[in-house]
1. Within region A:38-61, can one find any residue that is buried (at least 21 other Cβ atoms within 10 Å of the Cβ), within 9 Å of another protein chain (Cβ to nearest Cβ), in contact with a strand residue (DSSP E or B) (Cβ under 8 Å, 6 or more places away or on another chain) and at pLDDT 95 or above?
2. Residue check: is residue A:95 touching a strand residue (DSSP E or B) at 6+ places or on another chain (Cβ under 6 Å), surrounded by fewer than 21 Cβ atoms within 10 Å (Cβ to Cβ), farther than 22 Å from residue A:40 by Cα and away from every other protein chain (no Cβ under 11 Å)?
3. Please work out which one of (1) in a strand (DSSP E or B); (2) more than 14 Å from chain B (Cβ to nearest Cβ); (3) crowded, with 20+ Cβ neighbours inside 10 Å is the condition residue A:106 fails and give its number.
4. Which residue is nearest to residue B:36 (Cα to Cα), if the candidates are limited to region A:56-69 and must be touching a residue at least 24 places away in the same chain (Cβ under 8 Å) and not in a strand (DSSP E or B)?
5. On the basis of being crowded, with 20+ Cβ neighbours inside 10 Å and within 24 Å of residue A:88 (Cβ to Cβ), does residue B:49 make the cut?
6. Can you tell me how many residues in region A:20-36 are modelled with pLDDT of 95 or more, surrounded by fewer than 20 Cβ atoms within 10 Å (Cβ to Cβ) and either under 17 Å from residue A:107 (Cβ atoms) or within 9 Å of another protein chain (Cβ to nearest Cβ) (or both)?
7. Of all the strands (runs of 3 or more DSSP E) wholly in region B:1-109, which have at least 3 residues that are at pLDDT 95 or above and under 12 Å from the mean Cα position of the chain (by Cα)?
8. Before we move on, is residue A:71 within 14 Å of chain B (Cβ to nearest Cβ), more than 20 Å from residue B:4 (Cβ to Cβ) and out of contact with any helix residue (DSSP H, G or I) (no Cβ under 7 Å at 6 or more places or on another chain)?
């Protein structure tokens with residue numbers, strides 16, 4: 001059974017900092033891994049999708065890396081902004097997603 | 001290209017009642033999955049449908065059931081509602097097959113409150 005752990009559980013930083021969010025998973029037999037953002041009470045917005053054959057994906061200020069063999073993924077957020085405040089969820093996948101508890105990020109002006 | 005649409009957005013039900021939640025998949029997607037998210041927790045997998053057949057189920061009792069229609073829209077039905085069923089219910093669609101998917105798109109969710 002896949003288990004996902006995200007560290008830290010919560011993070012509060014001043015605007016402008018570069019951030020690292022960590023995700024680890026127990027079953028490396030995955031096809032891909034997605035990072036999502038969730039605003040309070042809302043649905044999930046896909047940020048990045050990394051195929052199992054890829055090492056990283058980039059979108060704007062976001063960069064996600066994947067080390068499938070060690071069961072780890074990292075989301076880097078450059079030059080954080082108050083609008084980045086949300087919960088970030090990683091989800092490794094075969095045919096369904098498995099989620100951890102997420103990282104709650106607060107970026108202070 | 002339309003995204004995933006869920007209805008209703010909010011719902012209040014009484015314990016013991018039945019509820020049906022609806023989901024329209026993103027255009028071109030053939031797989032739909034349902035997740036339950038309790039407050040402060042990550043989403044938990046309920047089940048998945050691929051081309052109208054169940055293709056995996058999480059640790060939820062049989063009173064949670066579903067359907068996928070030929071147009072790939074879907075319903076989640078919950079019978080004999082319990083207070084612990086209060087949660088955000090999320091629908092997600094993807095293009096894939098029985099063994100793999102190519103990235104999920106989520107709807108905005110239905111907030112169910114059981115009183």
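1. yes
2. No: the conditions fail for residue A:95.
3. (3)
4. Checked region A:56-69; the qualifying residue nearest to residue B:36 (Cα to Cα) is A:68.
5. Here the answer is no, as residue B:49 does not meet what is asked.
6. Within region A:20-36, residues that are modelled with pLDDT of 95 or more, surrounded by fewer than 20 Cβ atoms within 10 Å (Cβ to Cβ) and either under 17 Å from residue A:107 (Cβ atoms) or within 9 Å of another protein chain (Cβ to nearest Cβ) (or both) number 1.
7. Here the list reads B:5-7, B:19-24, B:31-37, B:44-50, B:64-68, B:74-78, B:87-96.
8. Considered against the rule, which asks whether it is within 14 Å of chain B (Cβ to nearest Cβ), more than 20 Å from residue B:4 (Cβ to Cβ) and out of contact with any helix residue (DSSP H, G or I) (no Cβ under 7 Å at 6 or more places or on another chain), residue A:71 comes out as no.
The values are calculated or read from the model by the stated rules, or taken from the named source; none is laboratory data. These figures come from a predicted structure and were not determined experimentally. Glycine also receives a Cβ, built like all others from the backbone with ideal geometry; neighbour counts cover every protein chain displayed.
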